[in-house]
Structures are given as structure tokens and as C-alpha cells.
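Bear in mind that the values in this text are calculations on the coordinates, not laboratory data. The structure displayed is predicted, hence computed values, not measured ones. Glycine gets a Cβ as well: all are built from the backbone with ideal geometry, and neighbour counts include every protein chain shown.
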Amino acid sequence: MIRFGKYVWVGLVSLAGFAACTNSKMPAPEPEPFTVTAPANLGTSVPAPERNPFTREGVLLGRKLFYDPILSGNNKISCATCHLPEKAFSDGLALSTNGASGQALHRSAPPLQNLAWHKGWFWDGGAKDIESLNFGPIKHADEMAQNLTELVKELQNHSEYPRLFKAAFRTDTISTALLTRALAQFERTLISANSRYDKYVRNEGGKLSSQELEGLSLFRQKCASCHATDFFTDHDYHNNGLDNTYSEAHEALAWGRGRISEKPEDIGKYKTPTLRNIALTAPYMHDGRFKTLEEVLDHYRSGVKVSATLDARLQQNGKTGIEMTEEEKTRIIQFLQTLTDPEFTSNPDFSAPR
Amino acid sequence: MKNKLRLSYLILLSGLGLLSCKKDKVKPAEAKQGSMEVHFDSRRSLTEDFVVNKNYLNANNDSVSFSTFKYFISNVELVRPDGTTFAEPNSYHLIAAANTPASETFTIANIPDGNYSKIRFRVGVDQARNSSTATPVGDLDKDHDMTWDWNTGYTFVFAIGKFKSAPASATFLDFTYQIGKDAQYRTVELAFPSETPTAQIDEMHKPKMHLHANIFDIFGGPNVIDVKANSNSNLPQFSTVAPKIADNYAQMFRIDHIHAH
């Protein structure tokens, strides 16, 4: 049973709607709407598109689909193959070879957390909503390699899914749009906001050591202009100096955001990743090139490469990168460890249904 | 537009229990309606039909053939002589010239009785629908090859074929044109032909419109496209070519004739 204990969910069963229908035959039961809420430091309300509001049945269906390898062409790969809850829904790999073809992917599987607030999805923001994004990994030959027409047939002939779609969407005629809406509803509930840092900042009894507090202070000076707010991302795109040449190979994949926007000023930019659960989501960057947080901070200290689109914040006062001493680096990493949220990674609402 | 809004309300309200009232809605009794069948005939030219996988010379004198040619026609409107219009609701039609299960024909239903003198339609998908590929309206979820997943949106015109690498060469190479993105959305307006400048549409009069789509015009028309230099629309430099092709497909349609019926 799913509990959604953390969230206030409000049964908004529309009394007005039923009252107006007393003469008509009772239809299939309504899916139960509820409001997913977030803690105050994330702004309380959770965005969801009007066309796909949360329902209890929709989220439960989405969770079942997320963990079901039926979504893949060979029925062996689920979303959770590369998005493991214990790693904040990342996979611990730089470039996974766990897809249907065994070919290495071109980008690292990102963690899935607080996705509802993003403004674009994928590392380059190419997906304009989560519903559209889901088709990417399902169809891609190197990921789940599924034919959507086949998938709809399989789900339609399944012993449980037609009933579950009916409960969630009032129709047992399964379509790709309903499939992805259910997945997106579940994915939007994956909210991490109960780390020790959160409990400290919300005065809920979380304690940070003096070293961690020192790290927090350094973080705010040196990192928080991009890793901003308690989302620890500005949801924007930046070139952080990983490279200074941008190949046109693979249809200019290395252009990052520039490939999507088709603007030269966006070449080499990627979405600022959140730092929540960062201790669990190694390796780092869009291609997983850094194995440890030490390597990441060393990059910002001394590895930043200059090119036309390098972010101005990484080249101030004639200096490239972010100045920090070895001790400051250690403190920042100590602070970053406080962003780990065990309630998120072990939340039974988010784990595979039994 | 009104009808599009209506659909989104239905989706929204389905979570609120109001959908159960659908049966209570009363259709306006006074509206009399007709219909019109619209056929898009893929052509080599005004005088020559199009054959799949057959080589033809295009406007740049390149020998090219198409194995696939499909496109979205959307937001169809019929215009009355006084300029007022009827807009087809949920108007998204996948038209396929070759090698797909989609059709070249659709029927516009529930057209209010009257006299019409122009058709207006769009090639592609409007920005509102193009910002998500998970809304099943019209033909939008009919063919999943017509979406981009890494860069959300629909392919407006999808053409796959071969071209001769050089005039004297025997080597044919592949080209793939997936043209889309909001900037390539085009409006086409065609006045009814001089033989039938207006058409009456009502319960007794259900005309059939026969349009020509001169599909090789994607290489010609206002802009001549050299397919040898531009064979893959997914390459970054194609972003300057795509609008030129869009200007070409905006002008590739003609009304051949209208059967009054």
C-alpha cells in the first residue's frame, strides 16, 4: 500500500460534479485527486501541468510502470535499471552499457529528484515536459529499445494494466499519452527535502557540525550563484569549463544546450545539476568524467578550460576557476555530505511495488 | 480555438468528477451541418504523378527519390466570402505520400451550412501542441516516428530518400529531412479555383476537394536546395536550411479541383 505519509493529500472529489449528475448512470469511480506538497524551503506547492494533475491511482500506476521491465523491447530493462532509488535514482555509472544494445550511452543517467520544478529535462533541457521526456529512454535503441505500438498492445493484453489505467484515467483503452502521464505523475512525486541540512535550515532539530557550517558558508560564497536556493540549482544552463572544443560528431551532441537552442552562445552549456544527494550520485558531470567530489572541486580550482561560452563567474578578476584552499575544499565537501536524504532513498512510496 | 480549449477543460475536469456529466450536454438543435472530404494528392508536378522510390530531377538538377514522405496538416479553416471562418476542432492530420499507414484523405465534419470560398491550413503543429508529444488529439499520437524525444516536438515534414552524389556518378546516397520546430510552422491559404470559386456545404452538399502537393518543391519553389550539401537535417548547420525548406513547402500546394456534390 502506498501511504504518501509525508505529503498532505487532499481528496478533492468534486461534490459539485456529482451533485449535477444525479440523473445519469454512475460512471467508473473517479480517480482520487490529491495535492502533493513540498516542505517550506522548496516553496510548498509542487508544479504539475493542468493536463496531467496528480491522482492517487495515477501515481501508483506510474510507480508500477517505472519498475516494470515490460516497458522495454526485451522485457528485461525497467526505468529503475538506470535509476536506482538507493542512489537517488542515478546508477553510479559514467556512461551506462546496461541498455538493450549494450552500447555505451553518450550521457550519464541523472538522478531523479525534485524534477517537477525543472524548466527543461535531460542534461541539455531538450525535453519540454516530463511526459515527452519519458518516450526518449523507452524508444532509444541503446536504452529500452521499445516500439510504442507494441508496448501499448502488451499493456492492453496484460492481466492488470487495463484495470489500473481505468482506475487512473477512467478508460481501459491504453495509449502512449496515458502511459507517459502516469509515469510523469510518479516522477513528480520524487521529492527530496529531508536531508540533515533541510532539518537544520527548517529548524527541525537537524544539527550541522562547526566544520559543516564552515563548509556551508564557503559554499554560499563560492558555489551558490549557480547551485542556488534550496534546490541547489538555478535550473539554468552554463558552461563550467569542462572542455574548450565542441565536436560536431553525433549530430553535435557536445554542443549541449547549443544543440537544442541552436544558438552559438549556448554551445557547451549544460543544466546545473542539483547537489542534493550528491554523495550518492557519483560519478559527476553530464558524462560522468569525475569519479569523486574531490575531483569535481579540483576541476573548479585548477581545471577550468577557457572558451567563448565559459560562464563569466568562472573567470573573474582575470583569474580562471574558483579559488579555494585545500582546507576549504574539505569543508565544502563535508557540507555537501549533509545533503544526503536517507528518507528519500528509502521511502517505500518510491520503491518497487510488492 | 474554442474547441481546443474545450478539450483541455475535459482533460482537466476528468480529475474533478465533472466528466460524468458529459451525457447531460445538449447539442445545439438549430445548427445545420455538412462535411467536406479533402484529398492531398502527392505529385511530381502539375502534370505528373509521384511514384515512390522513382528518381526524378529536382529544381537543383539533382536526381532524387523519396521512400518516405509524410507531413502534418493542422488547424484547417474554411473561409466564407465575407472573410468569416469555420475552424475544424482538434485539427491534426497526418498525411502520408509513401510507405506509411497514414492516409492522404480526411473529412472535415460538422461544417456549418454555408458558402465557402477559401481553405486555410497549416503545415506542421502549432506551438501549443508542439511543446509536448503526449497529448492524443487528432493524429498527433498516430505515428511515433513523427516526434523528437531528445528535443521535444513534432516532425512537421518527414522525407527520406536517395540522391545521386554527382551528375556523372552512379552512386546514390541517403538523405533524411526531419523538418520541424516552431519556426518552420507555415500557413497556407488557397482560394477555390476559378471553375468553382465558391462551394455550398450543407446536409445535401458535401463537396470533395482535391489538392495537389508537389512534394519535389521542397527542393525548389522560392529557395533552391542542394541536397548534396544538405542531406541530414539533424546536423547543426541545417538550422539555416530548414526555414528555406519550410518556405518551399508553404508553396507546394494547389487546389486541383472541387467536386461540388
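A few points about this structure:
- Sum of side-chain charges, A:Arg259 neighbourhood, beta-carbon under 9 Å (Lys, Arg +1; Asp, Glu -1): -3
- Cα-based helix-to-principal-axis angle, B:2-14 vs chain B, degrees rounded to 10: 80 degrees
- Rh by Kirkwood over Cα pairs, then Stokes-Einstein D for segment A:15-192 at 0.692 mPa s and 37 °C, µm²/s: 190 µm²/s
- Volume per residue for chain A equals 147 cubic angstrom (convex hull of Cα atoms).
- For a straight C-alpha distance cut-off of 14 angstrom, the aspartates and glutamates reachable from A:Lys319 (same-chain residues fewer than eight places away being disregarded) are A:Asp311.
- Shielding value for A:50-57 is 3, the average number of Cβ atoms from other chains within 10 Å of each residue's Cβ.
- Binning all Cα-Cα separations of segment A:196-337 at 10 Å, short to long from zero, yields these whole-percent fractions: 11, 39, 34, 13, 3, 0.
- Cβ-defined net charge surrounding B:Lys54, 12 Å radius [Lys, Arg +1; Asp, Glu -1]: 0
- Antiparallel content of DSSP bridges confined to segment B:30-259, in %, to 5: 85 percent
- Peptide B:229-238 - average C-beta neighbours from other chains (10 Å radius): 2
- Local electrostatic count, A:Asp68, Cβ distance below 14 Å [Lys/Arg +1, Asp/Glu -1]: +2
- For the protein assembly as shown, projected area of the alpha-carbon convex hull averaged over all directions, nm²: 32.6 nm²
- Residue pairs, from the table A:Lys153/B:Lys162; A:Lys64/A:Lys271; A:Lys119/B:Lys70; A:Lys271/A:Lys305, whose Cα atoms sit over 23 Å apart: A:Lys153/B:Lys162; A:Lys64/A:Lys271; A:Lys119/B:Lys70
- Per residue of chain A, the DSSP helices (runs of n ≥ 4 H) give a summed -39500 (n - 2.57) that works out to -8000 deg cm²/dmol at 222 nm.
- Charging the Cβ of each Asp and Glu at -1 and of each Lys and Arg at +1, and nothing else, the dipole of chain B about its Cα centre rounds to 380 debye.
- Relative intensity of segment B:30-259 on a log10 scale, I(q)/I(0) at q = 0.08, 0.13 Å⁻¹, equals -0.30, -0.77, per a Debye sum over C-alpha point scatterers of equal strength in the absence of solvent.
- Between segment B:186-228 and segment A:262-282, the alpha-carbon center distance in angstrom: 46 Å
- The label point for A:Asn41 and the one for B:Thr196, both projected 7 Å from the Cα toward the Cβ, are 7.0 nm apart.
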